[in-house]
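Sharing a structure with you now.
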Amino acid sequence: MNALQQKVEQVIAVLVTAARDFPPVVFANSLGAEDMVLTDLIAKHRLDIGMFSLDTGRLPQQTYDLMQKVREHYAVPLQVYFPDSVLVEEYVAQHGINGFYDSVENRKGCCYARKVEPLRRALAGNGAWITGMRREQAVTRGTLEVSSFDTDNGLQKLNPLLDWSNKDVWAYIRQYDVPYNKLHDQFYPSLGCAPCTRSVTPGEDIRAGRWWWENPENKECGLHASHGSGGASEARVFGVSAQSNVGSAAHDVSRNQNHPRKECGLHASHSSGTSREAHVFGVSAQGNVGSVAHDVSRNQHPDNKECGLHVSSTSLEASRIRVREISVQVHDTQKAIA
Ligand code: SF4
């Protein structure tokens, strides 16, 4: 058995033990190179470990491409968590859409709304979570352990790749033909949100492209808060009004499930409502599926290139024409009877 294979066996042993000792277990898949190694191992060995990703709303297109590829390539479902729209809207109103460039505090506020709060929801109710963190990735990660209790999130946290080198990660990806983010081929060794990640030059630290305008000791987003600060104090410090989101996990979930803004609503103003279109567009929603909506979802004709936001005037005009046609028919029928 070669050195890489030995490391792989150790990782599998950690994952199997975690699934046995701390069920239910979830893997926080950032879709980075390390996490693709873990994805491959969890899927291949059919481990009883759930998998989720956080969509911050600011990810590069290449990350979305990989997210889709994971769905198609592996049998393990990837659950995607989105930020609480109210938190993001408050943040943007207060600091601006790109306010994270203005200060470390503003940057961590954005990371709180787009990453930390959704992570809390994703972890709620689990016994342990798995990450792809490695010790050599950053000065902030030097004291990590393979398994420790995450006091901020209230569950066990496991970092099975902790002692892997960057070379190990890529050796595994090449050997087993694992899908990966194409930005890695363009000198992006560490990936995050598009506006906060740049490429690095040869010899630069692998996380030099993340929040490159900040000092290295600040370069954490709050997802791994046990080696930083976290929780309610974090939300306050970062200027996000989130009292109702930093309480118990159960409260977090119910708040998000019940909030009225958690509807798309894009397509509700025309035709008969949201349920019909949700069904046609592949979202599970019981309802009446109509032929018109079916045409819209399939057809790429230029006439159909509307997202639904501005379609109400067109629909209105179509309705007016139809009413006129019916009036003429009625009139003709009355004349014929007379
Ligand atoms: S990485 Fe940048 S855009 Fe993404 S959540 Fe953090 S501050 Fe916001």
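The values are calculated or read from the model by the stated rules, or taken from the named source; none is laboratory data. No experiment lies behind these values; they were computed from the predicted model shown. Note: ideal-geometry Cβ built from the backbone for every residue, glycine included; neighbour counts use all protein chains shown.
Could you grab me the full set of residues in region 41-59 that are in a loop (DSSP other than H, G, I, E, B) and either among the β-branched types (Val, Ile, Thr) or farther than 17 Å from CYS193 by Cα (or both)? Working first, answer last.
Step one: list which residues in region 41-59 are in a loop (DSSP other than H, G, I, E, B), which gives 45-48, 55-59.
Hits for region 41-59 are HIS45, ARG46, LEU47, ASP48, THR56.
Residues checked against (1) in the same structural domain as PRO160 (by TED's automatic domain parsing); (2) loosely packed, with under 15 Cβ neighbours inside 10 Å; (3) touching a Lys or Arg at 6+ places or on another chain (Cβ under 7 Å):
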{"residue": "LYS7", "(1), (2), (3)": "yes, no, no"}
{"residue": "VAL25", "(1), (2), (3)": "yes, no, no"}
{"residue": "ALA28", "(1), (2), (3)": "yes, no, no"}
{"residue": "ILE42", "(1), (2), (3)": "yes, no, no"}
{"residue": "ARG46", "(1), (2), (3)": "yes, yes, no"}
{"residue": "MET51", "(1), (2), (3)": "yes, no, no"}
{"residue": "THR56", "(1), (2), (3)": "yes, no, yes"}
{"residue": "THR63", "(1), (2), (3)": "yes, no, no"}
{"residue": "LEU78", "(1), (2), (3)": "yes, no, yes"}
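If I ask for residues that are outside any strand (DSSP E or B) and out of contact with any helix residue (DSSP H, G or I) (no Cβ under 6 Å at 6 or more places or on another chain), which ones from region 25-40 would you list? Can you show your working first?
Looking only at region 25-40, we keep the residues that are outside any strand (DSSP E or B), and these are 29-40.
Of everything in region 25-40, those that are outside any strand (DSSP E or B) and out of contact with any helix residue (DSSP H, G or I) (no Cβ under 6 Å at 6 or more places or on another chain) turn out to be SER30, GLY32, ASP35, MET36, LEU38, THR39, ASP40.
Modelled with pLDDT under 95 and in a helix (DSSP H, G or I): is that true of GLU136 in this structure? Give the derivation first.
Values: modelled with pLDDT under 95: yes; in a helix (DSSP H, G or I): yes.
Yes: the conditions hold for GLU136.
Now for a different question. Does PHE100 satisfy being in a strand (DSSP E or B) and either over 17 Å from the mean Cα position of the chain (by Cα) or crowded, with 17+ Cβ neighbours inside 10 Å (or both)? Quick ask: steps written out before the conclusion?
Details: in a strand (DSSP E or B): no; either over 17 Å from the mean Cα position of the chain (by Cα) or crowded, with 17+ Cβ neighbours inside 10 Å (or both): yes.
When the stated conditions are applied, PHE100 does not pass them.
Answer yes or no as to whether PRO118 is crowded, with 20+ Cβ neighbours inside 10 Å and either assigned to a loop (DSSP other than H, G, I, E, B) or aromatic (Phe, Trp, Tyr) (or both). First the steps, then the outcome.
Working: crowded, with 20+ Cβ neighbours inside 10 Å: yes; either assigned to a loop (DSSP other than H, G, I, E, B) or aromatic (Phe, Trp, Tyr) (or both): no.
Considered against the rule, which asks whether it is crowded, with 20+ Cβ neighbours inside 10 Å and either assigned to a loop (DSSP other than H, G, I, E, B) or aromatic (Phe, Trp, Tyr) (or both), PRO118 comes out as no.
Here's something else I'd like to know. Answer yes if at least one residue in region 146-166 is over 23 Å from MET67 (Cβ atoms), touching a residue at least 12 places away in the same chain (Cβ under 8 Å) and part of a helix (DSSP H, G or I), and no otherwise.
No, region 146-166 has no match at all.
Within region 161-170, which residues are surrounded by 16 or more Cβ atoms within 10 Å (Cβ to Cβ) and either within 16 Å of the ligand (Cβ to nearest atom) or more than 15 Å from GLY132 (Cβ to Cβ) (or both)?
none
Tally time: how many residues in region 69-111 are among the hydroxyl-bearing types (Ser, Thr, Tyr) and more than 14 Å from the ligand (Cβ to nearest atom)?
So in region 69-111, the residues among the hydroxyl-bearing types (Ser, Thr, Tyr) come out as 74, 81, 85, 91, 101, 103.
Filter once more, keeping what is more than 14 Å from the ligand (Cβ to nearest atom): 74, 85.
Residues meeting the conditions: 2.
Turning to a different aspect of this structure: Under 7 Å by Cβ, and 6 or more places apart or on different chains, what pairs join a residue from region 109-123 that is touching a residue at least 24 places away in the same chain (Cβ under 8 Å) with one that is polar (S, T, N, Q) and near the ligand (Cβ under 9 Å from one of its atoms)?
Qualifying pairs under 7 Å: ARG114/THR56; LYS115/THR56.
Residues in region 132-145: is at least one surrounded by fewer than 20 Cβ atoms within 10 Å (Cβ to Cβ), touching a Lys or Arg at 6+ places or on another chain (Cβ under 8 Å) and among the basic types (Lys, Arg)?
Among the residues of region 132-145, at least one is surrounded by fewer than 20 Cβ atoms within 10 Å (Cβ to Cβ), touching a Lys or Arg at 6+ places or on another chain (Cβ under 8 Å) and among the basic types (Lys, Arg), which makes the answer yes.
Of everything in region 174-218, what is closer than 25 Å to LEU41 by Cα, away from the ligand (no atom under 15 Å from the Cβ) and aliphatic (A, V, I, L, M)? Give them in sequence order.
Hits for region 174-218 are VAL178, ILE206.
Within region 112-132, identify whether any single residue is in contact with a Phe, Trp or Tyr (Cβ under 7 Å, 6 or more places away or on another chain), farther than 27 Å from ALA19 by Cα and within 16 Å of the ligand (Cβ to nearest atom), and answer yes or no.
Taking every residue of region 112-132 in turn, at least one turns out to be in contact with a Phe, Trp or Tyr (Cβ under 7 Å, 6 or more places away or on another chain), farther than 27 Å from ALA19 by Cα and within 16 Å of the ligand (Cβ to nearest atom).
Could you check region 36-93 and list, in sequence order, the residues that are in contact with a Ser or Thr (Cβ under 7 Å, 6 or more places away or on another chain) and either among the acidic types (Asp, Glu) or in contact (Cβ under 8 Å) with a residue 40 or more places away in the chain (or both)?
VAL70, LEU78, GLU90
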